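Asks: Below: one structure in C-alpha cells.
The values are calculated or read from the model by the stated rules, or taken from the named source; none is laboratory data. Bear in mind the structure is a predicted one, so any value in this text is a computation, not a measurement. Cβ placement follows ideal geometry from the backbone for every residue including glycine, while neighbour counts extend to all protein chains displayed. Just so you know, the surface numbers come from the protein's heavy atoms only, side chains and all, with ligands and any DNA or RNA stripped out. Shrake-Rupley method; radii C 1.70, N 1.55, O 1.52, S 1.80 Å.
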Amino acid sequence: MPSGANLPSIEQVLEIAEDLGFELSADEANTYCELVRGEIKTCRRLEEMVEYRPPVKYPRTVGWRPEPSDNPFNGWYWRCEIEGAPEGPLKGRTVGVKDAICVAGVPMMNGSRVLEGFVPDVDATVVTRLLDAGATISGKTNAEDLCFSGASHTCALGPVPNPRKPTHAAGASSNGSAVVLVTEQVDMALGGDQGGSIRIPAAWSGVVGHKPTYGLVPYTGCMMIEMTLDHCGPMANTVEDVALMLSAIAGPDPLDPRQRGVCPPDFVRDYSPAIGKGVAGMRIGLVKEGFGQPSWEDLGHGGSEEVVDARVRAAARRLEERGAVVEEVSIPMHLDGVHIFTAIIREGAYEFMLKGNNTGTNWQGFYNTGVLDAVARGVAARPNDLPPTVKLVMLTGEYLKRHYHGRYYAKAQNLRPALVRAYDDALAAHDVLVMPTVPFRATPIPPPDCPLEDYLRYALNMSSNTSQFDVTGHPSVSVPCGMEDGLPIGMMITGRHFDDLTVLQVADAVEKSGDWKTF
C-alpha cells in the first residue's frame, strides 16, 4: 500500500495538460499545479484512515503449491484446507474455488503472471457463505489468463487438459474447477461466468455448471471483468449438489451493486425442491437458432457439429417421453446477441477491468483496493506478459474509444432490453429454452508455438450460445447429455429471471434420464 500520494511537479502537470490538449501559460500552469497539490493532500489523509474490509471469519494457513504428481491435469493453482462452521448443510463437503475469487491469506494469480505474488486480505462473500454452511475450502483452481479464454491453453501455469481426453481442452475459463470435479478431488466448485465460463467447461468436461440469474449470487470479492456481465455460480458432478450449493450462496449482499434493486424480496432460498420433481406437463422450447450454426469466421466462432445437435435433440426426446411438451421455437435475435455481447465485453472490459484496474468507478459498494493495486502494478510492470486474448481486448477497446468515443458500447447496452424481450417472449409460452451449450465438442489444445491466429481462434470460438445470457441475465445451466469419441456434450437449459429452480428441475430430469456417457 502506498504511504501517501506524491505531490505533482510543474513538469508533470504540464505533461498531463499536453496529453489532454490544454494550452497553458506559465502562470496558469503554476496556479493549476498549486491547486492540484492541495487536492492531492486529501489522498494523504485518506491513507491515514482505516477502510472497511469484510471480516475474515474462519482461521486458515497459507496452504501450499501442489506438486505436479498431485496435480496431473493442472486443475489446482494452490491447495489449502479451511474448515467452515462446525455444522451446516455443506458440512463434510469439499469445495474448489476458482482463482478469480478471493480467499484471504491464500495466494491468488487468476491464471496470469501479472498477479504473481498477490495475496488477498478478504474472503469473497460466496466463500464466506460456503464456510458458514460448513464447507471446507480445499484450494484455488486454475483459470485461463485473466479469464479471457473459453479453452484451456492460456493459463500462465500451463495448459489445463481435459481429464476425459487429455489432448483436448477442458473448457474455460473455469477450467480448473471442472477438472478437480471430474477427477473427484472435491465435491463442489465455484466458477465465474461473463461469456460462458461456467457452462463451457461444464459442457466440455462433463460436469454440471449453473450461471445463476444476474443478481441472485453476490459477486463481491471476485475479479471483475464487466459489471453488467459478471456472474458467479456453482459447479458439481450432480444437479443435486449444484442446487445445494446455490442454496448456500444465493441472496442479497449490500456490498454488491449488481444486486441493488434486482433480487426480489421473495426470491427462492432453497433449491433442493428442484430435485426429483420431473418434467411432466412442462413446456420446453428447442431454440432453432442454437442448432445448425454456420462457422462465423469474422467473430472466430466455430460452426455446429451434427453429433452435438443430435445428442441434445435426443435428450429433449427423453424429456418428452417423461411427459414434457417439446417444440421448436425460433428466436432470430439469438444470433445477434453474440454481436451485442462482443461490443459490451470488448470495450467494457477494457475500460472497467484493465484501464479501471479491476474496479472502475461510479458505483457504490465494496472496492477491493488490494486487487486494484495488484492489477495496476502488474499490468504496468509486465504488459508483455498479458496474453494475446487480453491484448486483443485492449487494442480493440482503445481503437473504439479513440475513434468512436464509446458509441458502440452504448448502443449495445441500449440493445440489451430488446434481447431480453426476445427470450422473455419465448419464455412466456415455455417453461425453459434448450439448445447445445457449445455447438461443438472440446477442441484440441493447440501447441505452444502455434500461429497467433490459431491461439486466438481456439481461445474464443465457442461462446455463440452462452454469451447472450450473460447479457440478458437469464439463469442458464449446462448438464451432460451425451458422449462421442470420449468427449462430453452439454445441453444448456435457460429459464425466466429468478426461476433458477425450474432450470435446475429440468436439468435434474435430463441427468436422471439415463447414463449420459452411453448416449
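Asks: For n ≥ 4 DSSP H runs only, could you compute -39500 (n - 2.57) per run for the chain, divide by its residues and tell me the 222 nm figure to the nearest 500?
Replies: -11000 deg cm²/dmol
Asks: Taking the highest mean first, how do the peptides 498-505, 71-78, 366-373, 193-200 order by number of other beta carbon atoms within 10 angstrom per residue?
Replies: 193-200, 498-505, 71-78, 366-373
Asks: Over the chain, what is the relative contact order in percent, taking alpha-carbon pairs closer than 8 angstrom and at least six residues apart?
Replies: The value is 17 percent.
Asks: Something else about it: Any idea what diffusion coefficient region 434-519 gets from Stokes-Einstein, in µm²/s, Kirkwood Rh on alpha carbon pairs, 10 °C, 1.306 mPa s?
Replies: 110
Asks: Here is a further query. For T42, T359, write out the residues from largest to smallest accessible area, computed with a 1.4 angstrom probe and no ligands counted.
Replies: T42, T359
Asks: Computed from the coordinates I sent, Rg/Rh (Cα atoms, Kirkwood Rh) equals one of (i) 0.99; (ii) 1.07; (iii) 0.97. Tell me the label.
Replies: (i)
Asks: Please sort 380-389, 335-344, 440-449 by packing, taking for each peptide the average over its residues of neighbouring beta carbons within 10 angstrom, highest first.
Replies: 335-344, 440-449, 380-389
Asks: Once the other residues with Cβ under 14 Å from the Cβ of F519 are scored (Lys, Arg +1; Asp, Glu -1), what is the net sum?
Replies: So the surrounding residues net to +1.
Asks: Given all pairs of different Cα atoms, what value in angstroms does the Kirkwood hydrodynamic radius of region 66-134 take?
Replies: The Cα-based Kirkwood calculation yields 13.1 Å.
Asks: Let me ask another. What shape does region 249-308 have by the C-alpha gyration tensor, where a ≥ b ≥ c are the square roots of the eigenvalues, rounded means a/c under 1.5, and otherwise prolate means a/b greater than b/c and oblate the rest?
Replies: Judged from the Cα gyration tensor, region 249-308 comes out oblate (a/c at least 1.5, b/c at or above a/b).
Asks: Continuing with this model, one more query. Quick one: give the max-minus-min coordinate of the C-alpha atoms of region 162-249 along each principal axis, largest first, in Å.
Replies: Largest first, region 162-249 extends 35, 26, 18 Å along its Cα principal axes.
Asks: Now, a different point. Please give the contour-minus-distance gain from R37 to T369: 0.36 nm per residue of separation, less the Cα-Cα distance, rounded to one decimal in nm.
Replies: Full extension from R37 to T369 adds 117.2 nm.
Asks: Which whole-angstrom value gives the distance between the alpha carbon centres of region 149-218 and region 336-414?
Replies: 23
Asks: Determine the shape class of region 366-517: with a ≥ b ≥ c the square roots of the Cα gyration tensor eigenvalues, call it rounded for a/c under 1.5, and otherwise prolate if a/b is greater than b/c, oblate otherwise.
Replies: Verdict is oblate for region 366-517.
Asks: Sort 108-119, 6-17, 477-488, 85-96 for me by packing, meaning the mean count of neighbouring Cβ atoms within 10 Å per residue, highest on top.
Replies: Order by mean packing, descending: 477-488, 108-119, 85-96, 6-17.
Asks: Would you mind calculating the gained length between F267 and K512 on full extension (0.36 nm times residue separation, minus the Cα-Cα distance), in nm to one decimal?
Replies: Separation in residues times 0.36 nm, less the Cα-Cα distance, equals 85.6 nm.
Asks: Still on this structure: Taking only C-alpha pairs under 8 Å that are 6+ residues apart, what is the relative contact order of region 290-393 in percent?
Replies: Answer for region 290-393 is 14 percent.
Asks: Something else now. I need the shape label for region 394-454. Rule: rounded when a/c is under 1.5, else prolate if a/b > b/c, else oblate, with a, b, c from the alpha carbon gyration tensor.
Replies: oblate
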